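The values are calculated or read from the model by the stated rules, or taken from the named source; none is laboratory data. As the structure is a prediction and not an experimental result, all values here were calculated from the model. Note that we place each Cβ from the backbone using ideal geometry, even for glycine, and neighbour counts take in every protein chain shown. When the accessible area is computed, the model is the full protein with side chains, heavy atoms only, and any ligands, DNA or RNA have been set aside. Shrake-Rupley method; radii C 1.70, N 1.55, O 1.52, S 1.80 Å.
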Amino acid sequence: MTRASRPQGRTTVRNWKPTAALLTAGALLTLSACSSNEDPAYDTKPSSAPPAATSASASPSPSSSTSVDQAAVLDAYSRMWAEQVKAYAKGDAKGTKLSTYAAALALSGTEDDLKDLRSKGIVTTGAPTHKATVDVLEMDKKVPHAKLTDCLDSTGWKFVYRKSGKPVEMPKDRLVRYVTKVEAEKWGKQWKILDVTPQQRAC
């Protein structure tokens, strides 16, 4: 999760501290303060929760208003979220293709978040949805660079205790639909999401 999961405080993607990911105002910040009494030990058994769905955002196709490169970076962003959702659903990025689409803070932040959630016995169900747009696309640089703005909606993404399936208590006033700023670079033929920073404002 990219800090994206908690826009207030650390994030998946520097506020999650989530970093680029996971993703709800104050969510992970709250999780850090949660007591681990219910699940003191991390259970390595598969979660009984249903598999997390991928983001509702479909991969964009090139059109008169969207260049091939714009479509490619948006596709990489959507795929990163799909893999991130899989990782949070089982509490581990192993077995996912997250590193194919995420790097730098977007990747390390998610791995840090997963480690923290594992220690508390917490996983996720469902998935966030998003609607991203490309603000800046610099293909003339030695390393092509892009900046995106996303409206991330974490309404359908829930944190639960792995063993009991009970929901983790969240702040009632937290943002669940908020703006995130995204940085990406094209490494060879593949766009990589480098950072996802939640903003302190709704969208």
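Taking the options ASP69, ASP113, ASP92, name whichever one is touching a Lys or Arg at 6+ places or on another chain (Cβ under 9 Å) and buried (at least 24 other Cβ atoms within 10 Å of the Cβ).
ASP113
For the stretch 116-139, give me the residue count where each residue is hydroxyl-bearing (Ser, Thr, Tyr) and open to solvent by less than 60 Å² (accessible area, probe 1.4 Å).
Residues meeting the conditions: 3.
Which numbered condition in (1) within 13 Å of the chain's Cα centre (by Cα); (2) on the phi > 0 side of the Ramachandran plot is the only one that CYS151 fails?
Just one mismatch for CYS151, condition (2).
Of the numbered conditions (1) surrounded by fewer than 23 Cβ atoms within 10 Å (Cβ to Cβ); (2) small (Gly, Ala, Ser); (3) within 21 Å of ARG79 (Cα to Cα), ALA106 fails exactly one; give the number of that condition.
All conditions are met except number (1).
Could you please let me know if ASP195 is surrounded by 14 or more Cβ atoms within 10 Å (Cβ to Cβ), closer than 14 Å to GLY91 by Cα, under 18 Å from the mean Cα position of the chain (by Cα) and of a type in the set (D, E, K, R)?
no
Within the stretch 162-180, how many residues are farther than 21 Å from THR133 by Cβ and either open to solvent by less than 20 Å² (accessible area, probe 1.4 Å) or of a type in the set (D, E, K, R) (or both)?
8
Regarding LYS142, is this residue open to solvent by 60 Å² or more (accessible area, probe 1.4 Å), more than 25 Å from ALA72 (Cβ to Cβ) and more than 14 Å from the chain's Cα centre (by Cα)?
No.
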